[in-house]
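Peer 1: Have a look at this one.
The values are calculated or read from the model by the stated rules, or taken from the named source; none is laboratory data. A quick note: this is a predicted structure, and the numbers were derived from the prediction, not measured. Every residue, glycine as well, gets a Cβ built from its backbone with ideal geometry; the counts of neighbours run over all protein chains shown. These accessible areas exclude ligands, DNA and RNA; they are computed on the full protein's heavy atoms, side chains included. Shrake-Rupley method; radii C 1.70, N 1.55, O 1.52, S 1.80 Å.
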Amino acid sequence: MFGLGGPPKVALKLERDEALVLFELLARWIDDAPRPTPSSECFESPSEIHVLREAMERLKADLSEPFRADYLDILAAARDRLSQDVIGETLQD
């Protein structure tokens with residue numbers, strides 16, 4: 001079905017702050033039970049959960065900040081910078 005290289009790849013470019021915030025969100029949903037997570041009604045297929053897990057693992061491989069002692073401070077600063085542009089936004093906007 002696919003050539004020797006396997007399925008075609010897509011590159012998603014994020015600002016560093018965006019990558020940190022996305023990583024933390026996915027890690028919270030995937031790794032940190034008993035925190036709230038999206039209900040199963042949010043997903044139409046198990047493949048969507050698989051994609052989120054893969055995205056988190058790839059971000060983990062690309063980011064060094066989550067392994068630093070000052071990670072929570074770095075994350076807070078990234079959230080603050082991004083929040084300045086999105087106050088009042090919802091997922092439906």
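Peer 1: What does the charge add up to near Leu14, with Lys and Arg as +1, Asp and Glu as -1, over the other residues with Cβ less than 12 Å from its Cβ?
Peer 2: Numbers: positive: Lys13, Arg16, Arg58; negative: Glu15, Asp17, Glu18, Asp62.
Surrounding charge for Leu14 is -1.
Peer 1: In whole percent, how big is the carbon plus sulfur part of the accessible area of the chain, probe 1.4 Å, protein atoms only? Intermediate values should be presented prior to the final figure.
Peer 2: Working: 4230 of 7620 Å².
Carbon and sulfur: 55 percent of the exposed surface of the chain.
Peer 1: OK, next. Against the longest principal axis of the chain, how steep is helix 46-62, in degrees 0 to 90 to the nearest 10, with axes from Cα atoms?
Peer 2: 60 degrees
Peer 1: In square angstrom, what is the accessible area per residue of the chain with a 1.4 angstrom probe? Numbers along the way, then the final one.
Peer 2: Numbers: 7620 Å² over 93 residues.
Here the per-residue accessible area is 82 Å².
Peer 1: Let me ask something else about it. Hey, what angle do you get for helix 16-30 against the long axis of the chain, alpha-carbon based, 0 to 90 degrees rounded to 10?
Peer 2: Compared with the principal axis, the helix lies near 70 degrees.
Peer 1: Per the helix-only calculation at 222 nm, which mean residue ellipticity applies to the chain, given -39500 (n - 2.57) for every DSSP H run of n ≥ 4 and division by its residues, nearest 500 deg cm²/dmol?
Peer 2: Working: 3 runs with 48 residues, N = 93.
The per-residue figure over the chain is -17000 deg cm²/dmol.
Peer 1: Related question: In debye to the nearest 20, how big a dipole does the chain give about its Cα centre with +1 on each Lys and Arg Cβ and -1 on each Asp and Glu Cβ?
Peer 2: Numbers: 11 positive and 19 negative charges, 71 e Å.
In debye, rounded to 20, the chain gives about 340.
Peer 1: Answer with a single label: of [x] 8.5; [y] 5.7; [z] 7.9, which was calculated as mean projected area of the Cα convex hull in nm² from the structure in view?
Peer 2: The listed entry that was calculated here is [x].
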